[in-house]
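The values are calculated or read from the model by the stated rules, or taken from the named source; none is laboratory data. Small disclaimer: the values here were computed from a predicted structure and weren't measured. Positions of Cβ are backbone-derived with ideal geometry, glycine not excepted, and every protein chain shown enters the neighbour counts.
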Amino acid sequence: MKRYVILVAGGSGSRMGVSLPKQFLSLAGKPILIHTLERFLDYSPDLQVILCLPADQFSYWNQLRQQYPLPFSLPIIETPGGASRFQSVRNGLQHITTDGLVAVHDGVRPFVPVSVISNSFTLAAEKGSAIAAVSAKDSIRLVHNDSTNEALDRSALRLVQTPQTFQISLLKKAFEQVESPLFTDDASVAEAAGYPIHLLEGSYENIKITTPEDLAFAEALLQRGASH
């Protein structure tokens, strides 16, 4: 089956307190986005990559492609992102004209294990969807509109990550819906379209780098040798 990955990289760097978009920040001498790309190409050099970036970031991205040529042995489809994640993924899907499988992944999750990528494609081929998730470690409370709150059973809760992998026909059909503010990820889009969501074990190392603290933790993971 033809396999694709849509990398969504629409960050601005505001929560980092810097002007450079977070996907381009240096991590051990290479931009975060390059690390992420390398993980997927480690999984398969035949994977078709679709990169969604804000239109005003392509000039800088092209400079990086010249500076870091290693991951780019195969063509990468580049497409402007939208005003939201939903719109960016939908733009990426428009470049897929074949059947097969597509993973959607955050460009600032550079430590996704290759085993998680592989397992997501395997499960999606069988079940239609495969969403990486991990168990909650901390106690969790639900806050109601009247400011009261209650404890939840954390053993029944999962923290959702990416990749979120789907059969292409399923995800394309789901993205025909009108966008909703409840669509926080691709799984919520597919679920709203009536498709069952299947979870697979993610990794606690598969962090999303959005704050200075995340970046410091990422450097520590690299020094320790984050798992592939």
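A few notes on this one:
- Pick from region 168-193, criterion of a type in the set (S, T, N, Q) and within 16 Å of the chain's Cα centre (by Cα), ranking: modelled with the highest pLDDT: Ser188
- Positions within region 202-215 being within 16 Å of the chain's Cα centre (by Cα) and loosely packed, with under 13 Cβ neighbours inside 10 Å, in sequence order: Tyr204
- No other residue among Ser120, Ser115 is at negative phi and touching a Ser or Thr at 6+ places or on another chain (Cβ under 6 Å) apart from Ser120.
- Qualifying residue in region 102-114 (condition: more than 18 Å from Phe58 (Cβ to Cβ), among the aliphatic types (A, V, I, L, M) and surrounded by fewer than 21 Cβ atoms within 10 Å (Cβ to Cβ)): yes
- Applying the condition of being free of Cβ contacts under 8 Å to residues at least 60 places away in the same chain and either touching a helix residue (DSSP H, G or I) at 6+ places or on another chain (Cβ under 8 Å) or acidic (Asp, Glu) (or both) to region 115-136 and asking which residue is surrounded by the fewest Cβ atoms within 10 Å (Cβ to Cβ) yields Glu126.
- Residues of region 22-65 that are crowded, with 17+ Cβ neighbours inside 10 Å and either aromatic (Phe, Trp, Tyr) or part of a loop (DSSP other than H, G, I, E, B) (or both): Phe24, Leu25, Phe40, Tyr43, Leu47, Pro54, Trp61.
- All conditions but one from (1) surrounded by fewer than 10 Cβ atoms within 10 Å (Cβ to Cβ); (2) under 25 Å from Ala83 (Cα atoms) apply to Asn145; the one that does not is (2).
- Which listed residue, of Ala190, Ala218, is closer than 18 Å to Phe40 by Cβ, among the hydrophobic types (A, V, I, L, M, F, W, C) and buried (at least 19 other Cβ atoms within 10 Å of the Cβ): Ala218
- Any hit, region 140-161, residues being under 26 Å from Leu53 (Cβ atoms) and in contact (Cβ under 8 Å) with a residue 60 or more places away in the chain: no
Residues are listed down the side, and each one gets a yes or a no for (1) basic (Lys, Arg); (2) in contact with a helix residue (DSSP H, G or I) (Cβ under 6 Å, 6 or more places away or on another chain); (3) closer than 25 Å to Glu205 by Cα:
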residue	(1), (2), (3)
Leu37	no, no, yes
Leu47	no, yes, yes
Ala55	no, no, no
Arg65	yes, no, no
Ala83	no, no, no
